[in-house]
Amino acid sequence: MRRLVSYFLRGLAFVAPIAATVYVCVRIFEDIDGWLGLKTPGVGFGLTLVLITVVGFLGSTLLTRGLLVAIDRLIHRLPFVRFFYSSTKDLLNAFVGEQRRFDIPVLVPSPDGGPAKSLGFLTQGSLDRIGLADHVTVYLPFSYALSGRLLLYPSASVTRLDVPSADVMAFIVSGGVTDLPPLPPRT
């Protein structure tokens, strides 16, 4: 009986992530296709990818950059919309924009003051604008979530890591289940 339970749990560990991924993808396809009123599954998603790519191309040309900047300024004038727009824009730019912010992985003391350490990302190298020139900001992502904490640390207590930031992010988000690549030998 224990073997059957063990086999079931192994199968569940293999099938559940695949099923969840397929379910989410199918829901996204269906929702986008429904918004666009399309009957062929996946066409709306494909058209959305093409549209986003075209906007990205147009945003990189001088002719349309001014238009996109004007739209950006207009949205920043709308009191309630501005908050959501700028937060979403900043978050996306932190991961995929030209000014990525989560590209310097660091090790910091635990926020609760205990002996543990936390992994995070340096987001500001100095806070001299607010009178804290000897402090930096570190974003600590939560595991299995799209949220985290922003903490201020004295510069001296932050250790930069020579590890690819994508590997550190995967390690954090997975709750430490994925492997980090070994650190290169110090010379």
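The values are calculated or read from the model by the stated rules, or taken from the named source; none is laboratory data. On a predicted model such as this, the values are computed, not experimentally measured, just so you know. Quick reminder, even Gly has a Cβ in these numbers, built from the backbone with ideal geometry, and neighbours come from all protein chains shown.
Structure above, values below:
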quantity	calculated
Condition met for Ile172 (surrounded by 11 or more Cβ atoms within 10 Å (Cβ to Cβ), in contact with a Leu (Cβ under 6 Å, 6 or more places away or on another chain) and touching a residue at least 60 places away in the same chain (Cβ under 8 Å))	no
Evaluation of Leu4 against (1) closer than 30 Å to Leu140 by Cβ; (2) among the aliphatic types (A, V, I, L, M); (3) modelled with pLDDT of 75 or more; (4) surrounded by fewer than 10 Cβ atoms within 10 Å (Cβ to Cβ) (one fails), failing number	(1)
Checklist (1) modelled with pLDDT of 80 or more; (2) β-branched (Val, Ile, Thr); (3) under 26 Å from Val177 (Cα atoms) applied to Val96, failing item	(1)
Exclusive hit being surrounded by 13 or more Cβ atoms within 10 Å (Cβ to Cβ) and modelled with pLDDT under 75, set Thr64, Thr88	Thr64
Pick from segment 40-59, criterion small (Gly, Ala, Ser) and surrounded by 10 or more Cβ atoms within 10 Å (Cβ to Cβ), ranking: nearest to Phe29 (Cα to Cα)	Gly42
